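Below is one structure, written out as structure tokens; comments come after it.
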Amino acid sequence: MTFKHNFKKVLSATAFAAALVVAPAANVSAATNDASSTQQSATATSQDQQASQDQAASQSSAANQSSATVASASSSTSTSSATSTSTVKKTTKKAKKTTKKSKKKTSKKKAVKKVAKKTTKKKATKKAKKTSKKSTKKTTKAATAAVTASADQSQATDQQDDAAKKAAEAAAKKAAAAKKAAAKKAAAAKKAAAKKKAAAKKAAAAKKAAAKKKAAKKSAEKAAKYWIAMRESGGYYTARNGSCYGRYQLLISYLGGDLSKKNQERTADRYVYGRYGSWVNAKRFWLAHNWY
């Protein structure tokens, strides 16, 4: 009765170990499919490995205990039949075989978990690199766009400044041209006014000179006329010397029968200007010939 009870315990422990061995495989599969739960899977795997080791040790202890129990039962029931002894040996051998298989499976699972962990880590690293590369590319693109926008804005500002500068220069040039034209016009007007004034002044001077000359000539003519009259008649309008008569001692025939003072003056001027051109020339002739 005790042997059967112990055998059932060994079988139950074996089944429990097999169940524990199968359970981590599902966790490994889940860890491989989901990269985000890598750390949780690794922790679960470590716990499963520890549980498997503990279970293997428990199974080994149970097997040893079972062997001890079997030996004890064998010693206590030395009178049992050869069939019971053979069954115990088979059971012990089977338990050892199961333990060995369990250890082998545990080693395989460890290898699978290691490969899965390495694959997961590789995938995570690759994904991180890809994400970093995308982020860097995006950042570079944004920075390039920002630099381009800044350059465009700077260029637009420079163009506006250049346009404003050109407009200011054009306005200044136009104002300078207008000022120059106004100054030129004012200078021309001033020059024209000065020229006109000079011409007027010159004309006035010429007129004054002409008037002065005329006055001097008139005065000279008057003086020469008076000088001849005084030499010819002593200045009397009724003086007579043969066929000559009057203030200027003209031939009576020149007077045409009119012996008036007015006619004597008019006739004397006509005679002198017709023959000598002026009383001054007549005086000069008189001085040379003692008559005119």
Single residue of ALA224, ALA187 found to be out of contact with any Lys or Arg (no Cβ under 7 Å at 6 or more places or on another chain), assigned to a helix (DSSP H, G or I) and either in contact (Cβ under 8 Å) with a residue 40 or more places away in the chain or open to solvent by 50 Å² or more (accessible area, probe 1.4 Å) (or both): ALA187
Looking at the structure I just gave you, is LYS127 in contact (Cβ under 8 Å) with a residue 40 or more places away in the chain, open to solvent by 100 Å² or more (accessible area, probe 1.4 Å) and under 52 Å from the mean Cα position of the chain (by Cα)? yes
Out of curiosity, is ALA229 out of contact with any helix residue (DSSP H, G or I) (no Cβ under 6 Å at 6 or more places or on another chain), open to solvent by less than 40 Å² (accessible area, probe 1.4 Å), in a helix (DSSP H, G or I) and without any contact (Cβ under 8 Å) to a residue 40 or more places away in the chain? yes
Looking only at the stretch 85-120, and only at residues there that are within 60 Å of the chain's Cα centre (by Cα) and charged (D, E, K, R), the one that is least open to solvent (accessible area, probe 1.4 Å): LYS117
Restricting to the stretch 273-292, give me the number of residues that are without any contact (Cβ under 8 Å) to a residue 40 or more places away in the chain and either in a helix (DSSP H, G or I) or within 20 Å of LYS214 (Cβ to Cβ) (or both). 11
Search result, residues across the stretch 247-277 that are open to solvent by less than 50 Å² (accessible area, probe 1.4 Å) and more than 15 Å from TYR292 (Cα to Cα): LEU255, SER260, ASN263, GLN264, GLU265
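For every residue, the table says whether it meets (1) of a type outside the set (A, V, I, L, M, F, W, C); (2) at pLDDT 70 or above.
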{"site": "SER76", "(1), (2)": "yes, no"}
{"site": "SER80", "(1), (2)": "yes, no"}
{"site": "THR92", "(1), (2)": "yes, yes"}
{"site": "LYS96", "(1), (2)": "yes, yes"}
{"site": "THR99", "(1), (2)": "yes, yes"}
{"site": "LYS105", "(1), (2)": "yes, yes"}
{"site": "ALA116", "(1), (2)": "no, yes"}
{"site": "SER132", "(1), (2)": "yes, no"}
Which one of the conditions (1) in a helix (DSSP H, G or I); (2) open to solvent by less than 70 Å² (accessible area, probe 1.4 Å) does LYS202 fail to meet, given that it meets all the rest? (2)
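The values are calculated or read from the model by the stated rules, or taken from the named source; none is laboratory data. Everything quoted here is computed from the prediction, not taken from an experiment. Note: ideal-geometry Cβ built from the backbone for every residue, glycine included; neighbour counts use all protein chains shown. The protein model used for the area step is the full one, side chains on, heavy atoms only, and it has no ligands, DNA or RNA in it. Shrake-Rupley method; radii C 1.70, N 1.55, O 1.52, S 1.80 Å.
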